[in-house]
Amino acid sequence: MEISFNAEVGDRVLTIQTGKVAKQASGSVVVRYGETVVLVTVVAASDGKIGSDFLPLTVEYQEKIYAAGRIPGNYFRRELGRPSDKEILTSRLIDRPLRPLFSDGFCSETQVIATVLSMDQENEPDVLAMIGASAALEISDIPFDGPIAGVRVARIDGELVINPKISLAKKSDLNLIVAGTKSGIVMVEGGGNIVSEAELIEAIFFGHKAMQPALDLQLKLKESISPKKRSIIKLDKDLELSNRVEKIAETLLKEAIIIPEKIARYNAISAVKTKVLEELGEGYDEKRNEISEILHEVQRKLCRELIVKEERRIDGRKFDEIRPINCEVGVLPRPHGSSLFTRGETQVLGVLTLGSGPDEQRVESLTGDEFRPFMLHYNFPPFSVGEVKRLSGPSRRDIGHGALATRAIETVLPAKDKFEYTIRVVSEVLESNGSSSMATVCAATLSLMDGGVPIKAPVSGIAMGLVKEEDKVVILSDILGDEDHTGDMDFKVAGTKDGITAFQMDLKIKELSRDILEKALEQARIGRIFILDKMLEAIKEPRETTSPYAPKIYTVSVNPDKIRELIGPGGKVIRAMQSESNTRIEIDDSGSVKIYAYTKEEGEFALKLIGKITMEPIVGDTYEGKVVRIMDFGAFVEIFPGTDGLVHISQLASHRVRKVTDVVNEGDIIKVKVLEIGKDGKIRLSLKAALEEENG
């Protein structure tokens with residue numbers, strides 16, 4: 001049965017339809033906003049591992065280029081198998097608010113696929129995919145404690161706008177995606193142009209209010225279908241085993257979890273598991289997984305009690321205390337800028353490379369080709385956490401962390417007309433124990449300053465956590481990995497001393513009150529500025545010059561009429577110049593010529609080559625030229641490639657010349673002075689005047 005409901009979200013109509021297409025999926029909906037249409041399906045396997053606490057959920061968001069009325073621009077002319085960064089980031093946006101809301105004990109393999117079918121160039125499909133994923137789960141037989149909805153909130157000319165059209169969103173100074181349930185916020189992702197904490201909070205709760213019609217729409221859809229949800233088979237807990245394990249492990253785990261060093265702590269926790277298995281004896285070998293889960297729950301409970309009841313942290317810090325920070329710059333000799341940022345047991349190497357215009361990244365998207373002059377790439381090798389894994393390409397987590405750091409830094413980069421380089425920063429995570437993404441923001445800032453990039457202001461970042469037990473709420477600054485794992489919230493804030501440039505928040509609890517968020521953001525602001533002050537001890541401001549190994553950029557203007565000569569037939573001349581000077585040369589129709597050279601000498605040589613072709617003679621100046629043609633009345637001398645003038649026989653010498661070849665021959669190199677340039681462009685030259693000038 002085909003069912004469709006509408007609701008107004010922002011200033012446009014949101015439509016959710018089901019029952020017409022993809023009916024063999026566990027749940028499927030088509031979401032429409034303007035002329036942007038997204039199909040979202042969800043399928044869960046019929047079997048699941050009973051008693052498991054792991055949900056094998058995958059979320060795939062895919063953009064079909066036909067949705068924008070175009071054929072893919074790659075060699076194969078079809079969508080490639082590997083998702084784009086945009087598709088990966090949107091998949092993560094959908095996954096993060098959904099995952100905590102699946103019912104406990106549901107462990108069947110589940111897949112959400114969102115496919116963009118139509119794109120009107122005005123309405124972004126990402127928030128539609130998020131709403132569609134929730135709606136598809138709501139009407140399916142999958143146990144899901146939703147619904148959730150998402151909206152984009154932007155501030156344009158001082159006014160908050162819900163789901164702004166793409167052209168308007170580019171003018172915003174604050175842009176967030178907010179996801180939530182009826183009762184509260186579950187996720188926030190976005191950034192701003194150095195905005196205050198109060199402005200951010202206002203935008204978040206403005207978005208939560210605006211998403212209510214989308215939530216009501218899903219509830220109405222679910223009510224009309226009345227899906228029968230799967231029953232979850234839960235194994236009765238072995239209380240006797242749980243009690244025995246807890247009795248053996250509790251004291252040992254209490255001692256283990258307060259070891260400050262991560263590897264030593266993990267080794268001690270592993271030793272507790274070995275001790276428990278030894279004391280239980282051989283009869284429990286088949287229950288190793290169950291015992292591990294019991295130990296995990298005991299450890300989680302003890303970690304939370306340590307914070308809430310004993311008011312201390314794993315490594316003994318105060319709740320708002322930042323781990324020791326060490327910053328270095330110029331740690332690598334040849335890259336164009338480098339830094340090493342260490343905060344506790346998290347360490348990131350930041351490496352800057354400056355390139356030319358053609359080094360910009362070209363990205364094909366539904367809105368057309370985009371060119372990105374700034375790239376920040378995040379790498380997380382297995383040795384950074386003491387693991388052995390196969391090296392492969394960047395994971396979804398790597399792409400997500402890199403995008404968050406990119407958003408944090410982009411706001412403070414200089415305008416392209418003031419700093420013409422293409423900028424690439426690579427973050428190499430060397431150690432990790434808590435927020436390598438925020439350490440990446442700090443390392444990237446330091447490497448940019450070390451490389452002489454004139455950023456508007458330095459940026460630092462901090463990861464915050466929260467533990468909530470009944471009425472007791474504890475906010476933690478600069479969280480460890482274990483505090484993130486056992487806590488109720490993970491949020492990251494990056495910005496300058498004056499405001500926020502990037503923000504990301506994920507909740508594991510149902511809702512977060514405004515006053516708690518305000519307190520958390522204020523604590524984050526204090527911590528962020530503390531970290532920034534430590535960074536500025538290493539380097540106070542960007543260096544005045546770029547690295548001697550960075551490319552050199554030269555800009556000259558030539559007569560537009562000379563462009564054809566500079567390029568040559570089929571580009572022959574410019575290619576030869578680039579090859580001979582080892583440079584890259586770009587020319588636009590206005591006559592502006594840019595030279596990208598790896599050394600000063602190569603750049604100056606390229607300028608000389610260009611000058612030979614494009615320079616125009618000046619009356620009274622002397623030039624060295626080649627005799628290219630002999631006539632009875634004089635000699636034609638080429639003073640620039642393609643530019644020659646006549647030396648009349650009377651101007652060859654101070655005495656009377658009977659025959660031109662008595663003084664010069666074809667191929668001779670001589671100095672000549674420009675006497676006159678006629679209205680017709682003809683140039684009169686004089687060898688006699690050049691010799692007289694040279695001899696005084």
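Thr342 versus (1) assigned by TED's automatic domain parsing to the domain that holds Ser427; (2) β-branched (Val, Ile, Thr); (3) in contact with an Asp or Glu (Cβ under 7 Å, 6 or more places away or on another chain): which is the lone unmet condition?
Answer for Thr342: the failing condition is (3).
In region 649-667, how many are under 25 Å from Ile610 (Cβ atoms) and crowded, with 18+ Cβ neighbours inside 10 Å?
Adding up the residues that qualify gives 0.
Please determine whether any residue of region 397-404 is out of contact with any Cys (no Cβ under 8 Å at 6 or more places or on another chain), surrounded by fewer than 21 Cβ atoms within 10 Å (Cβ to Cβ) and not polar (S, T, N, Q).
Yes, the conditions are met somewhere in region 397-404.
For region 324-343, state whether one or more residues are under 30 Å from Glu522 (Cβ atoms), in contact with a Phe, Trp or Tyr (Cβ under 7 Å, 6 or more places away or on another chain) and crowded, with 19+ Cβ neighbours inside 10 Å.
Within region 324-343, one or more residues are under 30 Å from Glu522 (Cβ atoms), in contact with a Phe, Trp or Tyr (Cβ under 7 Å, 6 or more places away or on another chain) and crowded, with 19+ Cβ neighbours inside 10 Å.
In region 468-494, which residues are in contact (Cβ under 8 Å) with a residue 40 or more places away in the chain and at positive phi?
Asp478
Against the definition (modelled with pLDDT of 95 or more, out of contact with any strand residue (DSSP E or B) (no Cβ under 8 Å at 6 or more places or on another chain) and not hydroxyl-bearing (Ser, Thr, Tyr)), how does Lys234 come out, yes or no?
Spelling it out, it is not the case that Lys234 is modelled with pLDDT of 95 or more, out of contact with any strand residue (DSSP E or B) (no Cβ under 8 Å at 6 or more places or on another chain) and not hydroxyl-bearing (Ser, Thr, Tyr).
Can you spot a residue in region 23-45 that is in a loop (DSSP other than H, G, I, E, B), touching a Leu at 6+ places or on another chain (Cβ under 7 Å) and surrounded by 11 or more Cβ atoms within 10 Å (Cβ to Cβ)?
No.
Here is a yes/no grid of residues against (1) among the small types (Gly, Ala, Ser); (2) in the same structural domain as Ile204 (by TED's automatic domain parsing); (3) surrounded by fewer than 22 Cβ atoms within 10 Å (Cβ to Cβ); (4) touching a Gly at 6+ places or on another chain (Cβ under 6 Å):
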site	(1), (2), (3), (4)
Val59	no, yes, no, no
Tyr66	no, yes, yes, no
Arg77	no, yes, yes, no
Ala154	yes, yes, no, no
Asp157	no, yes, yes, no
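Spot the failing condition for Thr445; the list is (1) of a type in the set (Ser, Thr, Tyr); (2) part of a helix (DSSP H, G or I); (3) surrounded by fewer than 19 Cβ atoms within 10 Å (Cβ to Cβ), and only one is missed.
For Thr445, the exception is condition (3).
Is it the case, given these coordinates, that Asp11 is over 18 Å from Phe106 (Cβ atoms), surrounded by fewer than 17 Cβ atoms within 10 Å (Cβ to Cβ), out of contact with any helix residue (DSSP H, G or I) (no Cβ under 6 Å at 6 or more places or on another chain) and not polar (S, T, N, Q)?
Spelling it out, Asp11 is indeed over 18 Å from Phe106 (Cβ atoms), surrounded by fewer than 17 Cβ atoms within 10 Å (Cβ to Cβ), out of contact with any helix residue (DSSP H, G or I) (no Cβ under 6 Å at 6 or more places or on another chain) and not polar (S, T, N, Q).
The values are calculated or read from the model by the stated rules, or taken from the named source; none is laboratory data. On a predicted model such as this, the values are computed, not experimentally measured, just so you know. With ideal geometry, Cβ positions are generated from the backbone for all residues, glycine too; neighbour counts draw on all protein chains shown.
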